[in-house]
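Shown next, in C-alpha cells, is the structure this report addresses.
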Amino acid sequence: MRDLWQDWADGSVGAGVSDALRDLAGKHFVLGMTGGIAAYKAAELTRRLQDHGATVQVVMTEAATHFMTPVTMQALSQRPVFVSQWDERVPNNMAHIDLSRAASAILVVPASADFMAKLVHGRADDLLSTLCLARECPLLIAPAMNRQMWSNPATQRNVAQLRSDGVILLGPTAGDQACGEVGAGRMLEAHEILEDTIGHFQPKILQDKRVLITAGGTFEPIDPVRGITNRSSGKMGYAVARAAHEAGARVTLVSGPCALATPRGVTRLDVETAAQMFARVMDYVSHAEIFISVAAVSDWRVVNPRTEKIKKAGPDDLPPPLQFEANIDILAAVAASAEAPYCVGFAAETSNLDEYAQAKRLRKGIPLIVGNLAQHAMGDDSSELVIYDEQGATRIARADKLTLARQLVAQIAARLSA
Ligand code: CTP
C-alpha cells in the first residue's frame with residue numbers, strides 16, 4: 001500500500017499545469033465520498049486537486065456508490081478506488097492504517113448527516129469511518145444535506161462536537177437543494193472546497209488579525225451613463241485579501257467596481273467613488289490592525305456630476321466643460337489618524353520606481369509601500385513587486401499575483417512580529 005503512495009508522488013498527475021498553480025504539490029489526499037447527490041461535485045474536485053499538484057486516493061462508502069460509480073472515480077483519480085475494509089487487493093488488510101498514514105489530509109466530500117453522526121461517536125463500521133478514526137492527519141469535511149436535516153438539533157449538536165474535536169467543516173452554504181427546497185445544507189462547489197483546502201495549508205501568520213484592504217479602481221461619474229475610471233483590474237487587491245485570509249486574518253475588502261469573485265471567507269463592501277471608499281474605510285478602520293491600500297483611487301472627481309445624460313445638440317457642439325476637484329487621499333488620512341493601523345500603500349509608477357515610491361511612502365507617512373511598474377502590472381495575472389521601508393528595498397521576483405500576495409503578507413507579518 002505504501003508503494004502505491006510512492007507512485008502517486010512521482011508528479012505525473014496534474015503535470016502540464018504551471019508551477020504557480022501547484023499550491024498542493026507533494027500533498028496526498030484521501031478523498032472520502034459518502035452517500036448524497038452532491039457526490040458528483042467530488043469528481044470535479046478530484047481533477048482540480050490534481051491540477052494543483054496533489055495526488056488523490058478515493059475511498060467511497062457503499063452508499064456513495066449509488067450516486068457515483070467507483071469506475072468513474074478511478075478513471076478521474078487514476079488510482080484504484082477502495083470501498084470495503086475487506087478488500088482482497090490489500091495483502092495485509094490494513095488499508096485503514098496505510099492510507100491514512102500517508103495522507104496530508106482526509107477530505108470527506110460530501111459528508112452526509114449520517115456520516116457526521118458516525119464521526120462524533122467514533123464508529124468504525126466501514127473503511128472510510130475506520131480511516132477517519134485511525135488518522136493522524138487533519139480531517140476536512142464538506143457537509144451536504146437537506147435543510148431540515150442540517151438544522152435538526154441532533155445535527156447541530158454533532159457539528160459543535162466535531163468542531164471541538166478539531167474536525168474542519170467546509171460550508172455548507174444555503175441555496176437550491178436537490179430535493180427542490182431552498183435553505184442551508186447545500187454543499188460548497190468544488191472550486192470553493194479547493195480554495196478552502198489550499199488555504200488550510202498556508203501558514204497562519206496573521207491569525208485573528210483584523211485586516212482592512214481597498215482594491216480595484218474607483219469610478220467618478222460625469223453624468224448617469226458616463227464617468228472617469230482607470231485600468232486597475234482589482235486582481236492584486238483581491239489576491240492580497242485572499243492571502244491575508246489564508247494566513248488566518250479576518251479580512252474586510254472595500255472594493256471599487258470589478259467582476260472578480262470575492263475570496264472565500266472575506267467580507268466585501270462594494271463602492272463606486274473615492275468618497276464612498278473613504279467613508280467605508282473610515283467606518284471600519286478603527287477595528288483594523290492592518291490597512292492595505294491597494295485600490296487605484298481617482299485623485300480627482302467631477303464637480304457637480306449631471307443628473308441627466310449630457311446631450312449633443314448638433315455636430316458642431318463643443319465638448320462640455322468638465323471641472324474637477326480633489327478627492328481625499330484615503331491612505332494618508334488613515335495614516336494620520338489617531339491609533340492608525342499598520343499602513344501599507346501601493347505605488348504603481350511608469351518610471352523612476354525607487355525614487356517615486358520612497359517619496360510617496362514618506363509623503364503619506366506610512367511604514368511600507370509596495371512598488372510596481374504599472375505598464376507591466378495592470379490587468380496582468382503576474383507582476384513583480386518591490387517592497388520599500390525605511391531599511392531600503394526588497395525585491396519579489398515575477399510571479400502570479402497570489403504568490404506575490406502571499407510573500408507580501410509574509411513580509412508584513414514579519415515586520416509586525418519584529
Ligand atoms: N491612495 C489613496 N487615496 C487617494 C489616492 C491614492 O488611498 N486619493 C493610495 C493608493 O491606494 C495607494 C497609494 O495611495 O496605496 C498611492 O497611490 P497613487 O495613485 O500611486 O499615489 P498618488 O498619491 O495619487 O500619487 P500620483 O498619482 O501622483 O502618482
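The values are calculated or read from the model by the stated rules, or taken from the named source; none is laboratory data. Model, not experiment: these values are computed from the prediction. So basically every Cβ, Gly included, is an ideal-geometry build from the backbone, and we count neighbours across all protein chains shown. Just the protein is used for accessible areas: all its heavy atoms, side chains included, with ligands, DNA and RNA removed. Shrake-Rupley method; radii C 1.70, N 1.55, O 1.52, S 1.80 Å.
Roll a 1.4 Å probe over the protein chains and send me the accessible area per residue for the chain in Å².
Here the residues of the chain average 47 Å² of exposed surface.
At a 1.4 Å probe radius, carbon and sulfur cover how many percent of the accessible area of the chain?
The C+S portion of the solvent-accessible surface of the chain is 51 percent.
In segment 317-371, which GluC sites (Glu not before Pro) are in a loop and have at most 13 other Cβ atoms within 10 Å, using DSSP for the loop call?
Answer by residue number: E339.
Give me the number: length gained by fully extending K204 to R123, i.e. 0.36 nm times residue separation minus the C-alpha to C-alpha distance, one decimal in nm.
So the chain would gain 26.0 nm between K204 and R123.
How many angstrom lie between the C-alpha centres of segment 148-204 and segment 46-79?
20 Å
Using the structure shown, select from K27/K118; K309/K364; K209/K364; K311/K360 the pairs with a Cα to Cα distance greater than 31 angstrom.
Over 31 Å Cα-Cα: K309/K364; K311/K360.
Extending each Cα 7 Å along its Cβ direction at A261 and L362, get the distance between those two points in nm, one decimal.
Result for the modelled spin labels: 4.5 nm.
Calculated FRET efficiency, T72 and E181, Cβ-Cβ r, R0 25 Å, to nearest 0.05?
0.35
Scaled to the compact-protein estimate 2.2 N^0.38 Å, what is the alpha-carbon radius of gyration of segment 45-135, rounded to two decimal places?
For segment 45-135, the normalised Cα radius of gyration comes out at 1.05.
Considering the zone a paramagnetic label at T173 would reach in this model (a point 7 Å from Cα along the Cα-to-Cβ line), which residues of segment 258-278 have amide N under 13 Å from it?
261-266
Given the rule -39500 (n - 2.57) for each run of at least 4 DSSP H residues, summed and divided by the residues of the chain, what is its mean residue ellipticity at 222 nm, to the nearest 500 deg cm²/dmol?
Only helices count here, giving -10000 deg cm²/dmol.
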